Every structure is written in structure tokens, then in C-alpha cells.
Amino acid sequence: MKVALVHEWLDSYAGSERVLEQLLLIWPEADVFAVCDFLPEAERGFLRGKLVTTSFIQRLPLARRMFRNYLGLMPLAIEQLDLSGYDLVVSSSHAVAKGVLTGPGQLHVSYIHSPMRYAWDLQHQYLRQARLETGLKGAYTRWLLHRLRLWDRSSAAGVDSLVANSSYIAERIRKVWRREAAVIHPPVDVTRFGLGTAPRGEHYLLASRMVPYKRVELVVEAFRRMPGRRLVVTGDGPSEPMVRAAAAGAPNVELRGRVPQAELISLTQTARAFVFAAEEDFGIAMVEAQACGTPLIAFGRGGARDIVQEGTTGLLFPEQSAEAVMAAVERFEALPAPIAPEACRANALRFSEEAFRAALRAHVEALLP
């Protein structure tokens, strides 16, 4: 059986590349395709020496630095990749990878990180943040996103089996593509995170990149209003000034910036709970916290609903507000019995790399003739 793996684009080793890494462990003989490949040599180890077949985007002017600016050409580019000689095609898609062309006798399974959010429900937010609400450039961007929506839905119809990375993404697929999707959670390297031997401290922890949708300032505001409880925040990003403003005058809130991995693991292993207010497609940081035996206090939408076992490994709060975070912390501290670190660790193992490979392999094998 000849297998092709289709990736979006390669420019860094991040979340979707970890999925590709696991796909190559399931099908080590597979060939790899992508819109473009500008991955630094130091980060290419997971490809195991594979040569990546790319599209014409690779050769366009300034593509190395600005390939995302060619988004409007990517549907055409992905359709030019010739996969006619393969029996099984597995794509890993958050934009256009699922749009490769396959024919009768070929099985195409697409692992969906998310439909293109900026083209669907987050279009207006994207236009605001990019300052493209008015003018000729804004009008062109609206037209382009309209065309992308039409292509996005039609290309989804050509996939034999859709696999979502969470129940939340399966709901979005049902909404925008009118397709059903199986749910297989993404792989998390839980072996890097353990229960630890140090006793639990008194601090709550939030580890996150500081970007607007993470709502870090909301958690900081909640703890500023709870001076008797300590919060440690790690991470940096463009929203850091807003977070620092929210923490001003709050000695119980400590902003540490980006910290080494070993320090982050130690902080997680000794935290009372990991607090998370973002609406994530999945939420790998929450699984990593659970792998350390740390309970979760999380916003009850998005991937958190798949991760948190209410009352057993954490608590969910119903809205993104400081008041909701405060009420959840009080509920957490009033639990009749503390949440067991062993229960959190066992919960995290559901999302291991081995569990991902076994589930996806079984899903594909059930579809093969």
C-alpha cells in the first residue's frame, strides 16, 4: 500500500508538526507533501530524512518570509500536488491540506485541527485586528475570504473520512461543512511531565502565551480581587502590557515571563491548580498540567470539555469573566475531598502519543477494503 501524508506548510516545529511526526511513526514508508517547506535544518529531525514534495508556492518571490500572504493561491497550489499513485492519503489540515485531489480507489482521511476560523466565524474579529474593516484592501480581503469559504466547503466534500481533534472541532465541522467527524484527540508527550515528589504549594498557575484570546488578563483580574490567594503567571506575548496593567498593585500576582521548561514543570507539579480561561480548539497545556497531577480550573467551552472530568480532575466555569473565575476557585477550595493527583495523571494518559497512534491506525484500518 502506498501512503501519502499531506501537511499544510512547514516553517516551525509546533503543534501540527507533532501530529505529522506521529503520522510518520504510524506510516514510516509514507511520502510527505506540503504547500511549502521552509523548516530550519535544526528542527527537521522528526521528518527522519524525508524529502518533502512542495507546490509552486515554494518558488514564488519572498515566499520564505511571506508565504502566508499567498493564502489566496493555496487552494490552487494544493490541488496541483499529484497523489494519483497512492492508495491511502492522510492529510493534517487547518487550512488547505484537506483539498488535495483524490479519485476512486483512493482513501483520503483528513485530520482536522480546525476549519479556517478566519474565513468563518472569526472573520469579523480577524478583519478588526488586521485593521481591514474599510478601504480597498479590506474589500479585497472580504472577497478573498468569501471565495475561501466556498472552496473550503466544497473541498471538505471530497474527503472520505473527517477526523476532528476534539468534540468542539467536530461541532464546528458540522456547522460549516455539514459533515460528521470522528473525534481523535491530538498527541501529547505526557512522558515529559510527571507527578513529582515535592509537596503541593499554595500558588495557582497560569502558563500561556499572552495573546488576546487566551484571556490571561481576566484570570489576573480575578486574583487581584482575591488578595489572599497567590497566582503565578508564566509566558509572554503581545498582550503582556495589558496583563501587567491588570496585575498592577496586586502583590499576590507574580508575572515571571517565559521560563525554562524544567522550571515550568516544577511550578506545575507544585501548583494547587492550573487556571485556564481561553476557548481552545483542544488545549495541550491543560493535558500537560494533568500529567503533572495538577487539577484544572478551566472555561467550560472548547477542548476543555473533552479534557476536564468535572469534580474528578478539575472544575469548569461557565463564562469568561473574573467573577466566574473567582466563583470556580471558591468552589475548588470547598470540595469535600481534594482532587487526587493520580486521577489527573490517569486522565492525561488518555491523550498520550501512543493512544493517538492506536486510535488513528484503528480508524484508518476500519475504512480500508
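Summary table
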read-out: Residue in the range 195-206 that is charged (D, E, K, R) and within 20 Å of the chain's Cα centre (by Cα) present; value: no
read-out: Members of the range 111-135 found to be of a type in the set (A, V, I, L, M) and touching a Ser or Thr at 6+ places or on another chain (Cβ under 6 Å), listed by number; value: ILE112, LEU132
read-out: Hits in the range 107-131 (condition: buried (at least 16 other Cβ atoms within 10 Å of the Cβ) and either polar (S, T, N, Q) or assigned to a loop (DSSP other than H, G, I, E, B) (or both)); value: SER110, HIS113, SER114, PRO115, MET116, TRP120, GLN123
read-out: Search result, residues across the range 256-295 that are surrounded by 18 or more Cβ atoms within 10 Å (Cβ to Cβ) and free of Cβ contacts under 8 Å to residues at least 24 places away in the same chain; value: MET286
read-out: Pairs, first at negative phi and aromatic (Phe, Trp, Tyr) in the range 189-210, second modelled with pLDDT under 90 and part of a loop (DSSP other than H, G, I, E, B), C-beta under 7 Å, six or more apart; value: none
read-out: Residue match in the range 190-211 (condition: in a helix (DSSP H, G or I), surrounded by fewer than 18 Cβ atoms within 10 Å (Cβ to Cβ) and not charged (D, E, K, R)); value: yes
read-out: The range 69-98 - residue that is touching a residue at least 40 places away in the same chain (Cβ under 8 Å) and part of a helix (DSSP H, G or I) and, of those, farthest from ASP31 (Cα to Cα); value: GLY72
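The values are calculated or read from the model by the stated rules, or taken from the named source; none is laboratory data. None of these values were measured; they are calculated from a predicted model. Here the Cβ is made from the backbone with ideal geometry for all residues, glycine too, and neighbour counts use every protein chain on show.
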